[in-house]
């Protein structure tokens, strides 16, 4: 019939095409289900988000010790970065001291970030948290055990227990 188009029926893929698709699936690397550190799993997910949203803020918070220097990093911690204002947590006397050096601190941070991101500093009174390795630990005092402990292994164990309780406070 003239003017009537014939519908073509799509043919199913041939057998070699199906075999090629199966080979591609098999060629993928096998999945590793072994336990991995949480940082290895989270880093690929969070890195693009931080780049999109606030790359300077993420870099500022993550690399605070290197950007600020050891003296400032020990005395103040970044709490928040929004709208060009960096909020630092530090003690009251430190905040007053850092206000006088505000221009130098901003210049140093912007130089480390590679662009003028920090415009103002804001201080909140908060004791900076020292890393566990840098926190001073009190030295245990040697305490004499009570004299009326029984002799032998039991007495020695009770003496160690007594000293352990006394050094913890």
Theoretical gain in end-to-end length, residue 103 to residue 144 [0.36 nm per residue, Cα-Cα removed]: 9.2 nm
Residue order, fewest to most beta carbons within 10 Å, for 117, 96: 96, 117
Pair residue 161, residue 62: separation of 7 Å Cα→Cβ label points (nm): 5.0 nm
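Out of all DSSP beta bridges in the range 38-125, what portion is antiparallel? Express it as a percent rounded to 5. Intermediate results must be reported in sequence, preceding the final value.
Numbers: 6 of 12 bridges.
Just about 50 percent of them are antiparallel.
Throughout, read-outs are computed from the coordinates displayed, never taken from laboratory work. Predicted model, so just to flag it, every value in this text is computed and none were measured. Because the Cβ atoms are built from the backbone with ideal geometry, glycine has one as well, and the counts that use them run over all protein chains shown.
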